[in-house]
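Take a look at the structure below.
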Amino acid sequence: MSIKLVNINYVYSKKTAYEKKALTNVSLEIQNGEFIGLIGHTGSGKSTLIQHLNGLIKATSGHIYYDGEDIYANKYNMKELRSKVGLVFQYPEHQLFETTILEDVKFGPKNLGLSEEEVEQRAKDALRQVGLAEELWDKSPFDLSGGQKRRVAIAGVLAMHPEVLILDEPTAGLDPKGRDEILGEIAKLHKERKITIVLVSHSMEDVADYVERIIVMNHSKVFADGTPKEVFMKYKELEKIGLAAPQVTYVMNELKEKGIDVDTTATTVAEAKDSILAWARKNNWIEDKVEA
Amino acid sequence: MIRDITIGQYYPVDSIIHRLDPRVKLLGTLLYIISLFLFDSFAGYLLVIGFIGSVILASKVPLSYIFKGLKAVIFLLLFTVVFNVFFTQGDNVIGEWWIFRLTWEGLYQGAFMGIRIILLIIGSSIMTFTTTPKALTDGLETALHPLNRIKVPVHEIAMMMSIALRFIPILLEETDKIMKAQMARGADFENGSMIQKVKALLPIFIPLFVSAFRRANDLAMAMEARCYNGGTNRTKMKPLVYASRDYIGYALLGGYIALFVVLNLWFAWF
Ligand SMILES: Nc1ncnc2c1ncn2[C@@H]1O[C@H](COP(=O)(O)OP(=O)(O)O)[C@@H](O)[C@H]1O
Ligand SMILES: [Mg+2]
């Protein structure tokens, strides 16, 4: 699996008073097995960008290649592309419609034309994967809590066995516990099923702990693209566009400025702790409990 | 996609027509429609086209945008034209197939009705293109105010209309989103038999209804919370006040009506 975008431009409502440039010369490549965080302010073009990846929106100009094939070529099979690139929209719980949860999750695989047993199997697997208790499966999706509905919706896309899973702000509107659970489950999917994941968010803090690569969008353009460490090194520029780096980045940089030699590229609290303790040990501020 | 439906939507540019008092525009639209139905010759349409043409020019709404709105009613239009072309009685026959009979009278009538519908839709959409839903309902409420005396709930009607108008773009946007979400799950709205196509609409309509009810509920709650209880004793922050351009607007409308009467009399005479 690989997706390649070359010079993608997109304009909404072209040639009207509502004209709005949503993507400007976006070029990037997504490789198999990556876990990517797509970050940017509201209105920076994230949702527009990801809808290009499964052909729901056609670029005003530019090319997209999936596994080297031009998806805008005449006979390209869009339906197949949509089964390979699973897209979970923002507030996906608003798309539920079936009488039971299980039936709703079956909608996607059914559309792929699979056998009834295969459809059922996939739906059940997907529901287990998102951690939805079995006794709920025969309930109406409208009776669930917000967080549970969202899991059903994610399962609905997972059941299609996509090669890439794209989630648009999957934590929007959830409480901290619900947020951590959903993010944890997504990370688990990546680890266990080796599925390529693009996680869209407007919060650095949310994704810093999980992803291996961060793409930052700003005003319809790709502003930065690299590992979390590389991206957070530009924390001052990020601040100018109104996106903060994780809190630890600030702590570490300030310590460094005060002459304490710590690793400023630490992105998680755990890494920061290790770095600070290592410095303290080196300078004999603390003694190791474990004697040699 | 579905967002291309432009009928009934506001087009945000600044023009003299946009700034006109909504009452002037309401009356103008009403007179325009009446004049459209009273003319029964192509020559009369020249006056109507001249009138609406100048309004469009002054409104700065691009023609292409206006015509896009016609796409939504293309079926109605085609149906009317075809029906008129083939089922108008006439003596000047051009050709005959089976039960159909093409006559000059039919062609004339078809073209006539086609133009009438197009002008009708363009005229009324110019009204919504240049007037925000709020201004429109304000205008309506003020214009119909006298009906209050015969116990017509004018304020409530205006409020319902303003909410309905406000919800149209929201529901269109929502439909667009839900359609995309279901397409991402492999739904297919284009291929298949008639029954399959109708069945394919369920995954759109159920979530759409659920969301419409949710929104309506939220709105009702928000109105309650702010102690809304109808129109009695409710004052306006920005009451409608006529400016000099509005009097000019009324004068121009008067001119149009005068021309219309003169032309009609002239046609009747000769
Ligand atoms: N359907 C649409 N029609 C017109 N403009 C849109 C539409 N969707 C988004 N936009 C505009 O495009 C820009 C990018 O939006 P979006 O991709 O949704 O950003 P994000 O997901 O980063 O918040 C915004 O300015 C938004 O207002
Ligand atoms: Mg978005």
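Quick note: the coordinates plus some simple rules give every number you see, no bench work behind them. Just so it is clear, the model here is predicted, and its values are computed rather than measured. Note that we place each Cβ from the backbone using ideal geometry, even for glycine, and neighbour counts take in every protein chain shown.
Some observations on this one:
- Remark: mean inter-chain Cβ contacts per residue of B:64-75 equal 1, using a 10 Å Cβ-Cβ cutoff to other protein chain atoms.
- Measuring nothing but how far apart in sequence close Cα pairs (under 8 Å, 6+ apart) lie, relative to its length, chain A scores a relative contact order of 21 percent.
- Considering all different alpha carbon pairs of chain A, the Kirkwood hydrodynamic radius works out to 20.8 Å.
- Residue-count net charge about B:ILE118 - beta-carbon cut-off 15 Å; Lys, Arg +1, Asp, Glu -1: +3
- Charge dipole (debye, nearest 20) of the protein assembly as shown; +1 at Cβ of Lys and Arg, -1 at Cβ of Asp and Glu: 1860
- With K and R counted +1 and D and E -1, the other residues having a Cβ less than 14 Å from that of B:GLY192 yield a net charge of +2.
- Relative contact order computed over the stretch B:134-239 (Cα-Cα under 8 Å; 6+ residues apart), in percent: 24
- Taking θ as phi - 60° and the Karplus parameters 6.51, -1.76 and 1.60, the scalar couplings of the stretch B:223-235 work out to 5, 4, 4, 9, 6, 5, 9, x, x, 4, 6, 7, 9 Hz in sequence order, x denoting glycine and proline.
- Highest mean packing first, where packing is the average number of other Cβ atoms within 10 Å per residue, the peptides A:170-176, A:105-111 line up as A:105-111, A:170-176.
- Distances between placed amide hydrogens fall under 5 Å for A:ILE166 paired with A:GLY86, A:LEU87, A:VAL88, A:VAL198, all partners being 5 or more residues away or on another chain.
- Other-chain or far-sequence residues with amide H under 5 Å of A:ALA22's (modelled H): A:TYR10, A:VAL11, A:TYR12
- Relative contact order (%) - criterion: Cα under 8 Å, at least six apart; region: the stretch B:11-121: 25
- In the stretch A:236-292, the chymotrypsin sites (Phe, Trp or Tyr not before Pro) that fall in loop regions by DSSP, at most 16 other Cβ within 10 Å: A:TRP285
- Mean per-residue shielding of peptide A:87-99 is 5, counting Cβ atoms of other chains within 10 Å of each Cβ.
- Fraction of beta bridges assigned by DSSP in chain A that are antiparallel (%, nearest 5): 50
- The C-alpha radius of gyration of the protein assembly as shown, expressed as a fraction of 2.2 N^0.38 Å, stands at 1.26.
- Counting charges near A:LEU38 (Lys, Arg +1; Asp, Glu -1) among other residues having Cβ under 14 Å from its Cβ returns a value of -4.
- Surface/4 estimate of mean projected area, convex hull on alpha-carbon atoms of chain B, nm²: 20.6
- Think of the stretch A:115-196 as a dipole: +1 on every Lys or Arg Cβ, -1 on every Asp or Glu Cβ, centred on the Cα centre; then among A:GLY147, A:ALA187, A:SER115, A:ALA187 lies furthest on the positive end.
- Straight-distance candidates among the aspartates and glutamates for linking to A:LYS124, with alpha-carbon spacing under 15 Å and chain neighbours fewer than 8 residues away dropped: A:GLU103, A:ASP104, A:GLU116, A:GLU134, A:GLU135, A:ASP138.
- Working note: Karplus 6.51/-1.76/1.60 with θ = phi - 60° gives the stretch B:239-247 the couplings x, 6, 10, 6, 10, 5, 4, 5, 5 Hz, where Gly and Pro are set to x.
- Taking θ as phi - 60° and the Karplus parameters 6.51, -1.76 and 1.60, the scalar couplings of the stretch B:52-69 work out to 5, x, 5, 4, 4, 4, 5, 7, 6, 7, x, 4, 4, 5, 5, 5, 4, x Hz in sequence order, x denoting glycine and proline.
- From the alpha carbon centroid of the stretch B:133-195 to that of the stretch A:163-240 is 37 Å.
- Other protein chain C-beta atoms within 10 Å of residue C-beta, averaged over B:208-220: 1.
- Highest-MSF residue in chain A out of A:GLN129, A:GLN121, A:GLN51 [GNM, Cα springs under 10 Å]: A:GLN121
- Sequence-distant aspartates and glutamates (8 or more away, or on other chains) whose Cα lies within less than 12 Å of A:LYS84: A:ASP67, A:GLU163
- Remark on A:ALA224: its backbone amide H falls under 5 Å from those of A:VAL216, a criterion applied only to residues 5 or more positions apart or on other chains, H modelled at 1.01 Å from N.
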